[in-house]
Every structure is written in C-alpha cells, then in structure tokens.
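Report on the structure given below.
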Amino acid sequence: MNNPKVSIVIPVYNGHDFLGEAIDSALAQTYKNVEILVINDGSDDDGATERVAMSYGDKVRYYHKQNGGVASALNRAIAEMTGDYFSWLSHDDLYTKDKVEKEMSALSRIGRDDVVGEGVAHPVPV
C-alpha cells in the first residue's frame with residue numbers, strides 16, 4: 001500500500017485544558033496523509049471540550065457521544081475513521097512531529113500489513 005492514510009484518534013472526557021496541545025501535535029505530523037478524529041465521551045464541562053475541538057474547523061472531525069468510557073470512545077472512532085491505520089493519542093499526551101512517519105516507515109520496512117506492536121501504527125481489521 002503506497003502512502004496509506006493514518007487516523008489519529010483522540011478520545012477525550014473533560015479534557016479541554018490539554019486537548020488543544022494534543023491536536024496541535026497531531027496536526028504537526030511530518031507524515032501528511034492523516035485524519036484527526038476527536039471523540040468527546042460525554043464531557044460535562046459546560047461545552048469547554050467541544051469549543052476547543054471545534055476551534056480547529058475542518059482540520060478535525062469532531063464527534064460527541066454519551067459517556068461510556070474510553071473503550072466506547074475508541075470503538076466510535078473506529079466506526080467513523082476512514083484511514084487504513086489507527087493511531088491512539090490520549091487528550092493529555094503529545095506526539096513528536098515525526099511519530100507517525102517513523103511508524104509508517106517501520107511498517108514499510110517489515111513489509112507486512114498484519115503486524116501490530118508497540119511503536120508501530122496499528123492495522124485495522126477489515
């Protein structure tokens with residue numbers, strides 16, 4: 001697969017204090033074929049988390065769901081994503097700007113699309 005799309009998924013619950021920095025680190029990726037999905041897991045912070053996510057306009061796909069925990073937010077992201085690979089970024093974490101590029105390079109060197117491991121983009125079963 002040449003230049004596969006990577007879906008960077010950010011599940012968040014009441015995370016407006018750190019969400020912008022996480023999104024910025026996703027947007028700064030040197031590997032450019034990415035989409036960024038923010039899944040708001042029912043935050044009850046008077047819309048603060050939503051305002052942060054929505055401030056990025058069409059650079060981020062935003063979804064709000066009833067609170068169900070991080071696993072349910074990740075499941076929603078998998079259902080909504082259009083990428084070939086899934087990458088989970090916690091709302092209070094940051095990616096180095098070359099993280100996805102290094103992962104995709106490592107995956108390419110392995111030469112298999114059924115490999116899952118720490119530090120390697122995770123293939124999504126079809």
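Each value in this text was obtained by applying a stated rule to the coordinates, not by laboratory testing. Quick caveat, the model's predicted, so the values are computed rather than measured. A quick note on method: Cβ atoms are made from the backbone with ideal geometry, for glycine too, and the neighbour counts reach across all protein chains shown.
Quick notes on this structure:
- Among (1) 18.9, 59; (2) 15.0, 43; (3) 14.2, 47, the entry that matches Rg and Dmax of the Cα atoms in Å as calculated here: (3)
- Evaluating 6.51 cos²θ - 1.76 cosθ + 1.60 at θ = phi - 60° for every residue in segment 98-106, the Karplus couplings come out as 10, 4, 5, 4, 5, 5, 5, 5, 4 Hz, glycine and proline recorded as x.
- Looking at the chain, the DSSP beta bridges with both ends there are about 10 percent antiparallel.
- A DSSP coil position with no more than 12 other Cβ atoms inside 10 Å describes the following trypsin sites (Lys or Arg not before Pro) in segment 1-84: K32.
- In terms of distances greater than 21 angstrom between alpha carbons, the cross-link table entries K59/K99; K5/K65; K65/K97; K65/K102 yield K5/K65; K65/K97; K65/K102.
- Between N3 and E21, the contour length at 0.36 nm per residue exceeds the Cα-Cα span by 3.9 nm.
- Using θ = phi - 60° in the Karplus curve 6.51 cos²θ - 1.76 cosθ + 1.60, the 3J(HN,Hα) couplings for segment 34-41 round to 10, 10, 10, 10, 10, 10, 7, 8 Hz; x is entered for Gly and Pro.
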